[in-house]
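Trainee: The following block contains the structure, expressed as structure tokens.
The values are calculated or read from the model by the stated rules, or taken from the named source; none is laboratory data. From a predicted model like this one, the values you see are computed outputs, not experimental measurements. Glycine also receives a Cβ, built like all others from the backbone with ideal geometry; neighbour counts cover every protein chain displayed. For the accessible areas, the whole protein counts, side chains as well, though only heavy atoms, and no ligand, DNA or RNA atoms are used. Shrake-Rupley method; radii C 1.70, N 1.55, O 1.52, S 1.80 Å.
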Amino acid sequence: MIDDLHRIDSEITARMTDLVDLRRHLHRNPELSRKEFKTTALLRERYTHLGFDVRVRSQGTGALAELTPHGFDPKKHPTVALRTDLDALPIAEENEVDYRSQNDGVMHACGHDVHMTCAFGAAQALAAIDHLPGRIRVLLQHAEEIAPSGAADMIAFGALDGVDAILGLHCDPQLPEGVIGVREGALTASFDRFIFKVKGVSGHGARPHHTIDPIFAGVQLANALYSAVSRRFDAREPMVISIGEFRGGAVPNAIPDLVTMTGTVRTVSKDRRQHVRPLLEQLAAGVAATTGATIELDLYEGAPPILNNAALVGEFAEAARAILGDEGVYEIPLPSMGSEDFSNFLDHAPGAMFRLGTAKAGRDVHLLHTPLFDVDERAIAHGSKVLARAALRVLHKLADDRDALR
Ligand SMILES: [Zn+2]
Ligand SMILES: [Zn+2]
């Protein structure tokens, strides 16, 4: 296998010009969530050319590309999935580069162009290996950036049928190029979005006793939500509630009949997350009882936390060490309170995601989802190699023992 791992490295190194071209093409032509038609079509062509079987969803966005070795038997041989997302964001790019977005107001500001390129670079290298010990399936996932996201569609499309392990990556503009970030267990938080409709009875500001004041009730509810986090849950396990929108009223001297409050709740464990809905319902009922307002809750349950499989994280670290040395591995100390819908796949198969350092030396850091985000393209080689090396080693491991990750 050592020879195969070196083969992976040399394949990727040799194809870097083409990979950078692919990334730049994708960067110039970003598409919004659920509109990734050209992106899907381009990848279909590229993967088909590599010898993968490609199946596109009937909607034309999102696809599965599969490389099945000769004599493959799903009962005997493992399948490892690589996941990339396809979509861009409604952000106007401000980078003055010749590969800047040609689609006005749309930008690959989350690095999904880099993820697609790394997955392709890895797939191309794996396709060059003789006698792969199992099957490789690349999940080309649409609509990562919106809710509801594309992960559920992909699962319904059969993305994880027969999959023994799933690997993914995400750019990290705060880590330098040449570094891979790894973390066992929680990598990102869950994401739940709430909408409270606080309904009262309107009236003159001079006579609040003739009204049921939804602004007063809404403020009580906001306070109840924020104090519950610190008073009712163990402070050592994070939970964040943020109200992002608080709307109601129109004039200074009238009490309105409606306040709308929307926000998000994030946790990094499934146990803690189970408390979200009962907590919101209970606090709303309590405030309704004490103020007389009627409070309706609409809770959208988004992605769970990403809980990385320890053995797979070990494979990422091993791969990063092999190609970048000890200083190429960064142990991420704390989970991110952001979320990523890769976590949905982990309900069905063991998996892990690593962070790809993309910061350019000497350039200011521009975070994900900002108009000046860009990457050091040398990171594409590292991302491709870590994915391909880990995939190959995991295939071998699972070929020896199908339960190695469970
Ligand atoms: Zn994003
Ligand atoms: Zn992203």
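Trainee: Exactly one of these conditions fails for residue 172: (1) more than 30 Å from residue 280 (Cα to Cα); (2) open to solvent by 40 Å² or more (accessible area, probe 1.4 Å); (3) of a type in the set (Asp, Glu). Give me its number.
Mentor: (2)
Trainee: If we scan segment 340-349, do we find a residue that is of a type outside the set (Asp, Glu), in contact (Cβ under 8 Å) with a residue 40 or more places away in the chain and outside any helix (DSSP H, G or I)?
Mentor: Yes: segment 340-349 contains one or more residues that are of a type outside the set (Asp, Glu), in contact (Cβ under 8 Å) with a residue 40 or more places away in the chain and outside any helix (DSSP H, G or I).
Trainee: Tell me which residues, restricted to segment 234-247, are modelled with pLDDT of 95 or more, surrounded by fewer than 18 Cβ atoms within 10 Å (Cβ to Cβ) and touching a helix residue (DSSP H, G or I) at 6+ places or on another chain (Cβ under 8 Å).
Mentor: Correct list: 240, 243, 246.
Trainee: Still on this structure: Among (1) within 14 Å of ligand 1 (Cβ to nearest atom); (2) part of a loop (DSSP other than H, G, I, E, B), which single condition is residue 365 missing?
Mentor: With (1) within 14 Å of ligand 1 (Cβ to nearest atom); (2) part of a loop (DSSP other than H, G, I, E, B) applied to residue 365, the lone miss is (1).
Trainee: Another question about this same structure. Report yes if some residue within segment 74-91 is away from ligand 1 (no atom under 16 Å from the Cβ), hydrophobic (A, V, I, L, M, F, W, C), within 30 Å of residue 363 (Cβ to Cβ) and buried (at least 23 other Cβ atoms within 10 Å of the Cβ); otherwise report no.
Mentor: yes
Trainee: Based on this model, can you work out whether residue 106 counts as crowded, with 24+ Cβ neighbours inside 10 Å, β-branched (Val, Ile, Thr) and under 23 Å from the mean Cα position of the chain (by Cα)?
Mentor: Answer is no for this residue.
Trainee: Here's another thing I want to ask about it. Could you check residue 131 against (1) in contact (Cβ under 8 Å) with a residue 60 or more places away in the chain; (2) crowded, with 24+ Cβ neighbours inside 10 Å; (3) not acidic (Asp, Glu) and say which number it fails?
Mentor: With (1) in contact (Cβ under 8 Å) with a residue 60 or more places away in the chain; (2) crowded, with 24+ Cβ neighbours inside 10 Å; (3) not acidic (Asp, Glu) applied to residue 131, the lone miss is (2).
Trainee: Additional query: Could you check, for segment 56-74, whether at least one of its residues is in contact with a strand residue (DSSP E or B) (Cβ under 8 Å, 6 or more places away or on another chain), part of a loop (DSSP other than H, G, I, E, B) and acidic (Asp, Glu)?
Mentor: Scanning segment 56-74 turns up no residue that is in contact with a strand residue (DSSP E or B) (Cβ under 8 Å, 6 or more places away or on another chain), part of a loop (DSSP other than H, G, I, E, B) and acidic (Asp, Glu).
Trainee: Right, something else. Kindly indicate whether residue 56 is closer than 24 Å to residue 79 by Cα, in the same structural domain as residue 146 (by TED's automatic domain parsing) and open to solvent by less than 60 Å² (accessible area, probe 1.4 Å).
Mentor: Yes.
Trainee: What are the residues in segment 384-406 that are modelled with pLDDT of 95 or more and more than 18 Å from residue 129 (Cα to Cα), if any?
Mentor: Across segment 384-406, the qualifying residues are 400, 401.
Trainee: A follow-up question, please. From 145, 177, 237, grab the single residue that is away from ligand 2 (no atom under 16 Å from the Cβ), more than 20 Å from residue 274 (Cβ to Cβ) and not small (Gly, Ala, Ser).
Mentor: 177
Trainee: Please specify each residue of segment 148-169 satisfying the condition of being within 15 Å of ligand 2 (Cβ to nearest atom) and either more than 21 Å from residue 65 (Cα to Cα) or open to solvent by 10 Å² or more (accessible area, probe 1.4 Å) (or both).
Mentor: Once the filter is applied, which keeps residues that are within 15 Å of ligand 2 (Cβ to nearest atom) and either more than 21 Å from residue 65 (Cα to Cα) or open to solvent by 10 Å² or more (accessible area, probe 1.4 Å) (or both), segment 148-169 yields only 149.
Trainee: Going by the structure shown, is residue 171 within 16 Å of ligand 1 (Cβ to nearest atom) and over 28 Å from residue 326 (Cβ atoms)? Can you show your working first?
Mentor: Details: within 16 Å of ligand 1 (Cβ to nearest atom): yes; over 28 Å from residue 326 (Cβ atoms): no.
Here the answer is no, as residue 171 does not meet what is asked.
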